[in-house]
Ligand SMILES: [Zn+2]
């Protein structure tokens, strides 16, 4: 029996698709090196991060999850937290879409929470993502919310919280009982470095693209945030942990142009 031959054009097409899908995303951080000082800052933070990863106390994924659980318990004491309703369903749907596109998941069981708060903020620990009602309403569409949520997913996947826990556990010795909250306080008040923030923006954009969101919305949301009155306390809250919004916006524009050939300017 003669085997049915597969048209060569079809094979080529498959191969071309394989090439396309396996194409590596380029993470270019040169957008951050605006002067000698920022180059030095980035170099120093890279060095510090590799030292923590190489010599710092090892932290398991389970420890991250436990700390995330503790954070939820603590937040519930002071805030109304929504895990139901129309707004919650909307953010959960966005998070579910994004998390399904994580290339090599570390193994978190992601959960999202909407916090009733007038603070413009979003944060994460142990696969739990917290979004305030203020930032929810600040976002003008699903794609802008996806930029915020994708960024927070990336902090987990890129081990930034793990690094922070390791830093504090290496510096102090925390006992088993009663000191979880102290560790949590230290971890949450330690800002991520600028490069980590930009890296999360990039990974968030990649997740957005794979999920079918409009990736230029990531640059839009940072643009509007950077225009907020800098004396405004809301601005301070968000940017104390999410600094350098103009640079971040520029980096996002570069990332999208380089990897997806879309001009967001
Ligand atoms: Zn961040």
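With the requirement that a residue be in contact (Cβ under 8 Å) with a residue 24 or more places away in the chain and assigned to a strand (DSSP E or B), what does the range 105-130 give you?
Hits for the range 105-130 are 112, 113, 114, 115, 122, 123, 124, 125, 128, 129, 130.
Out of curiosity, is residue 64 more than 25 Å from residue 134 (Cβ to Cβ) and either part of a helix (DSSP H, G or I) or more than 19 Å from the chain's Cα centre (by Cα) (or both)? Explain how you work it out, then say what you get.
Values: more than 25 Å from residue 134 (Cβ to Cβ): yes; either part of a helix (DSSP H, G or I) or more than 19 Å from the chain's Cα centre (by Cα) (or both): yes.
It is true that residue 64 is more than 25 Å from residue 134 (Cβ to Cβ) and either part of a helix (DSSP H, G or I) or more than 19 Å from the chain's Cα centre (by Cα) (or both).
Here's the yes/no breakdown for (1) more than 16 Å from the ligand (Cβ to nearest atom); (2) out of contact with any strand residue (DSSP E or B) (no Cβ under 7 Å at 6 or more places or on another chain):
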| site | (1), (2) |
| --- | --- |
| 112 | no, no |
| 129 | no, no |
| 132 | no, no |
| 141 | yes, yes |
| 163 | no, yes |
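Restricting attention to the range 85-99, does a residue exist that is outside any helix (DSSP H, G or I), out of contact with any strand residue (DSSP E or B) (no Cβ under 9 Å at 6 or more places or on another chain) and surrounded by fewer than 17 Cβ atoms within 10 Å (Cβ to Cβ)?
For the range 85-99, residues outside any helix (DSSP H, G or I), out of contact with any strand residue (DSSP E or B) (no Cβ under 9 Å at 6 or more places or on another chain) and surrounded by fewer than 17 Cβ atoms within 10 Å (Cβ to Cβ): absent.
Which of the residues that make up the range 182-213 are within 13 Å of the ligand (Cβ to nearest atom) and not in a helix (DSSP H, G or I)?
To start, the set of residues in the range 182-213 that are within 13 Å of the ligand (Cβ to nearest atom) comprises 188, 190-204.
The answer is 190, 191, 192, 193.
Could you count how many residues in the range 158-181 are in a loop (DSSP other than H, G, I, E, B), over 17 Å from residue 62 (Cβ atoms), in contact with a helix residue (DSSP H, G or I) (Cβ under 9 Å, 6 or more places away or on another chain) and modelled with pLDDT under 75?
1
Could you tell me how many of the residues in the range 214-224 are within 16 Å of the ligand (Cβ to nearest atom) and within 19 Å of residue 93 (Cβ to Cβ)?
2
The values are calculated or read from the model by the stated rules, or taken from the named source; none is laboratory data. What you see is a predicted model; the values in this text were computed from it and never measured. Backbone-built Cβ (ideal geometry, glycine too); neighbour counts: all protein chains shown.
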